[in-house]
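Notes follow once the structure below has been shown.
The values are calculated or read from the model by the stated rules, or taken from the named source; none is laboratory data. Keep in mind it's a predicted model, so treat the numbers as computed, not measured. Glycine also receives a Cβ, built like all others from the backbone with ideal geometry; neighbour counts cover every protein chain displayed.
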C-alpha cells in the first residue's frame, strides 16, 4: 500500500556533483511517497505469475535472432515527451524555438547559481528505408552559465529498442549525435549527426525508438519517436 503525504516546504537540500546545494520555493508543495512494506507480502500466486511473465519475456529476448531487413520502411507511429527531474530543480519550457531549461539553486553561503540552456533539433523523418544514410542537426544555445560547479548540459540522440533506458543506451543502439557542455566550455554550438537507419530489428516487436535526451545535470527532458517496421 502506498501513502502520499503533502507538505509545505520553504527550502530543500540538493546534491549536484556531490556538492550539497539548497533551493528555495516559497509556495512549493512536495509530495512524499511512503511505501508500506505490507505490499511485499502479496499472495504467492501473484508472485509466481509475475515471475512466469518475466521468464517468458527473457526467453523471448534470448531466442530472437535479428536478420537484415530487405525492403519495407520504418514508419513513424507516435511521439511522446516527458521530463525526468532527478534533482528536481530544472524548469523546462517549450516554445517556437525549441526547449528552454532553467536550473537555479542557492549554495550554503547564499550565492545563487544558474545554468540556463536552449535546445533545438530536427525532427527525424516520418519514413526511413532500412540502411539509408541520413543526418540530423541539433542546436545548443547558452543563455546563462553562472556557476563554477561542473554541471553537464547537452543533448544526445540515438535509435534503440522500444522501451530501452534513455540514460543507458544498449550495446546495439545506433548513436546519432552527442553534444555536451560543462563549466569549461559552454559556447553556442550547431552540430550535425550522420547515421544509417536501422537495418535490423531490435527485438520481436518490429518496433524501435528514436530518443532525444536534453539534460541539465541529472534533470532530463526526453522526446521519444516510435517507429514500426512495415513491409
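Is it true that residue 96 is closer than 29 Å to residue 206 by Cα and either loosely packed, with under 12 Cβ neighbours inside 10 Å or in contact (Cβ under 8 Å) with a residue 60 or more places away in the chain (or both)? No, not satisfied.
Residues of the range 116-128 that are under 15 Å from residue 226 (Cα atoms) and surrounded by 15 or more Cβ atoms within 10 Å (Cβ to Cβ): 124, 125, 128. Given the structure, is residue 180 assigned to a strand (DSSP E or B), under 19 Å from the mean Cα position of the chain (by Cα), at pLDDT 95 or above and surrounded by fewer than 16 Cβ atoms within 10 Å (Cβ to Cβ)? Against the criterion (assigned to a strand (DSSP E or B), under 19 Å from the mean Cα position of the chain (by Cα), at pLDDT 95 or above and surrounded by fewer than 16 Cβ atoms within 10 Å (Cβ to Cβ)), residue 180 qualifies. Of note, residue 188 does not satisfy the criterion of being touching a residue at least 60 places away in the same chain (Cβ under 8 Å) and either over 12 Å from residue 157 (Cβ atoms) or touching a helix residue (DSSP H, G or I) at 6+ places or on another chain (Cβ under 7 Å) (or both).
Those strands (runs of 3 or more DSSP E) of the range 64-170 in which at least 1 residues are farther than 21 Å from residue 180 by Cβ, considering only elements entirely within it, cover 73-85, 90-95, 98-106, 112-121, 133-146.
If we scan the range 214-231, do we find a residue that is surrounded by fewer than 21 Cβ atoms within 10 Å (Cβ to Cβ), farther than 24 Å from residue 94 by Cα and at pLDDT below 95? Checked against the condition, which is being surrounded by fewer than 21 Cβ atoms within 10 Å (Cβ to Cβ), farther than 24 Å from residue 94 by Cα and at pLDDT below 95, the range 214-231 yields at least one hit.
Please go through the range 163-177 and give me each residue that is modelled with pLDDT of 95 or more and farther than 13 Å from residue 213 by Cα, ordered by number. Once the filter is applied, which keeps residues that are modelled with pLDDT of 95 or more and farther than 13 Å from residue 213 by Cα, the range 163-177 yields 173, 174. Applying the criterion of being surrounded by 10 or more Cβ atoms within 10 Å (Cβ to Cβ) and over 16 Å from residue 230 (Cβ atoms) to the residues of the range 62-81, the residue that is modelled with the lowest pLDDT is 64. Scanning the range 200-216 for residues that are in contact with a strand residue (DSSP E or B) (Cβ under 6 Å, 6 or more places away or on another chain) and not in a strand (DSSP E or B) yields a count of 2.
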